[in-house]
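Below is one structure; the comments refer to it alone.
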Amino acid sequence: MVPRSSSTRRLESLDRFEGTLANRVYLSLRCAIVGLRYAPGEVLRKAEVCEALSVSRSPVAAAIARLAADGLVDVHPQAGTYVSRIAMAEIREGAFIREALELAAIEHVARRITDDQLGLLRRNLRIQRVMLDDGDLTGFYEHDAQMHELMLSFTGYRRLGRISESVRAQLDRARQLVLPAPGRLQETYREHEAIVGALEARDAERAKQALRHHLGQLVTMLTTLATREPALFHSDP
């Protein structure tokens with residue numbers, strides 16, 4: 001099960017974020033939900049959030065409205081606000097969109113990638129190795145996400161990152177459920193090595209195969225987890 005703690009310990013300081021007060025509250029809550037510091041199905045108490053962040057109810061209410069639009073919380077009038085459970089139907093749809101984008105991107109990039117871009121990917125891999133050796137799950141996760149962002153950015157198409165971001169909230173939360181599984185970090189790192197190796201060879205087909213295998217692991221592992229931990233998931237219709 002996902003561990004739970006007080007709001008004081010799991011909400012990051014608003015100083016870390018930019019924008020209006022409501023936007024910073026939203027980002028702090030979103031990070032906590034996506035990072036599983038709030039468990040799927042857990043009640044989200046506005047009063048506790050207000051106290052933890054030293055803000056009034058107004059920016060918290062605005063933030064929760066945005067989180068509801070993202071599909072990260074469920075608001076039930078007169079009953080309370082709950083962190084949304086993982087919906088496998090949404091995960092499958094998000095994974096489909098992500099795969100379509102990233103496979104097209106890596107095919108494009110493999111034939112055009114520069115030595116400087118390869119250098120950025122190799123550096124990212126070296127840091128992943130350090131995070132892996134240190135057992136730093138959060139650090140590994142951040143550099144995993146950065147690697148995928150780099151590959152999209154290498155296409156030169158600026159809107160790809162925004163499109164990817166639109167489906168990432170649920171996928172990012174799901175990925176943090178499966179990364180702690182025994183051996184998964186090591187497997188993920190080896191999959192990343194295979195992707196970068198194919199790009200170094202400028203082999204578009206091998207890069208696509210390595211990436212397809214890597215992306216396919218999420219839905220496979222979540223399907224197993226949904227059987228073992230049904231309370232974390234919505235029942236698909």
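Just so you know, all these numbers are worked out from the coordinates, no wet-lab data involved. On a predicted model such as this, the values are computed, not experimentally measured, just so you know. Reconstructed Cβ throughout: ideal geometry from the backbone, glycine too, with neighbour counts over all protein chains shown.
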Subject >> Simple spin-label estimate for R159 and R45 in nanometres, 7 Å along Cα-Cβ >> reply: 4.5 nm
**OP:** Apply 1/(1 + (r/R0)^6) to the Cβ-Cβ distance of E107 and N23, taking R0 = 30 Å, and write down the FRET efficiency to the nearest 0.05.
**Re:** 0.25
Original post:
Can you give the angle from 0 to 90° between the axis of helix 137-153 and the longest principal axis of the chain, with both taken from C-alpha atoms, to the nearest 10?
Top reply: 60 degrees
Subject >> Per DSSP, loop GluC sites (Glu not before Pro) in segment 1-89 with at most 10 further Cβ within 10 Å >> reply: E18
Original post:
How many nm is it between the label spots at Y82 and T114, if each spot is 7 Å from the Cα in line with the beta carbon?
Top reply: 5.1 nm
**OP:** Evaluate E = 1/(1 + (r/R0)^6) for V75 and S54, where r is the Cβ-Cβ distance and R0 equals 22 Å; express this FRET efficiency to the nearest 0.05.
**Re:** 0.45
Original post:
What's the angle, to the nearest 10 degrees (0 to 90), between helix 204-228's Cα axis and the longest principal axis of the chain?
Top reply: 30 degrees
**OP:** Compute the long axis of helix 115-134 from its Cα atoms, compare it with the longest principal axis of the Cα atoms of the chain, and write down the angle in degrees, 0 to 90, nearest 10.
**Re:** 60 degrees
Subject >> Area projected by the alpha carbon convex hull of segment 24-153, averaged over all directions, nm² >> reply: 10.2 nm²
Subject >> Other-chain or far-sequence residues with amide H under 5 Å of I86's (modelled H) >> reply: F233, H234
